[in-house]
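> Dropping a structure here in structure tokens format, bear with me for questions.
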Amino acid sequence: MKGTSQRDDEKIWRYLDFQKFAALVSSSTLWFARLDTLEDKWEGLSRAIPYAPPPNGGEAHKKYEELVRQHHEWRLKLRTRSFVSCWTLEESESIPLWKIYGSYEAGVAIQSTSSRFTESVRFPRQFPAHATGPVSYYDAIPAATFDYPKSVEFSWEKEFEISLQKRSSFKFEKEWRAIIVGNGRDKARGIQVPVAIDNLLENLFVSPAASERFLETVAAVAEKFGLKITPQRSMLARPRPRVAPPIGSPT
């Protein structure tokens, strides 16, 4: 399932330190972190359900109370049964993200596309529900939807929608996510998902201030694990263009 406003050719980036890059290529797996372990503790939250029981009371009121309880429990468990892989949706590199998630001197950036990602990742059978898409950002926490008795919204689509929302303070990340939803019985902090690394990688860059030795080290690791791609220097490290003298001035 794809999220809204998503093209197949959109560029996505993941910034890594060297240790995480080596773990990725040596294991041929991507780390999907459990939603409630992420830095932002508001992940996967929504507002409380408006309390509006049926006016006639009786059995209808009891049923309403039970559905509200189930809905509340479902929303709380969403944070422990959802696993995400976080990327950046951008046409070019980002210096802030190099510094935050990689390393300005010794980091690696993987550049892929949304279509390459979905073709390369082998979602586990025990997690049949998955989606990808850009994150939407909000200033106020989104309201919970509980349209009794028409819809209580126990749906994969609603889970994915909630998991693709973040506070506007994180808007600079321009995040794109892949989400896996399980049954809640897996208590691990994350899961390793198999991936075809060569197909996933469109470009591989080392950080802007990386040394020649670091570039050679990344190239050696890529070769050791059979990657066909050749790492290159960050585009941000390219020398500035020579300023041409004014027309007619002596050279």
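None of the figures in this text is laboratory data; all of them are computed from the coordinates on show. Keep in mind that what you see is a predicted model, and the values were worked out from it rather than measured. When we count neighbours, we look across all protein chains shown, and the Cβ atoms used for this are built from the backbone with ideal geometry, even at glycine.
> Using the Karplus curve 6.51 cos²θ - 1.76 cosθ + 1.60 with θ = phi - 60°, what ³J(HN,Hα) values do you get for each residue of segment 30-36, in whole Hz, with x for Gly and Pro?
Values, residue by residue: 9, 7, 10, 7, 5, 4, 7 Hz.
> Counting Lys +1, Arg +1, Asp -1, Glu -1, what net charge surrounds Tyr138 among other residues with beta carbon under 9 Å of its beta carbon?
On the way: positive: Lys166, Arg167; negative: Asp139.
So the environment of Tyr138 carries a net charge of +1.
> How would you classify segment 11-237 from its alpha-carbon gyration tensor, with a ≥ b ≥ c the square roots of the eigenvalues: rounded for a/c under 1.5, else prolate if a/b is greater than b/c, otherwise oblate? Don't skip to the answer; put the middle values down first.
Details: a/c = 3.25, a/b = 2.30, b/c = 1.41.
It comes out prolate by the Cα gyration axes.
> Here is a further query. For a quick check: with amide H placed at 1.01 Å from N, whose amide H comes under 5 Å from Val135's, ignoring anything fewer than 5 positions away on the same chain?
Placed amide hydrogens put Glu175, Trp176, Arg177 under 5 Å from Val135.
> Related question: Beta carbons within 10 angstrom, averaged per residue: use that to sort the peptides 9-15, 20-26, highest first. Write down the numbers at each step before the final one.
Details: 9-15: 20.3, 20-26: 17.7.
Peptide ranking by packing, descending: 9-15, 20-26.
> Ok, one more. Please list the non-local residues whose amide H lies under 5 Å from the amide H of Ala129, H modeled 1.01 Å from N, same-chain partners needing a gap of 5 or more.
Val181
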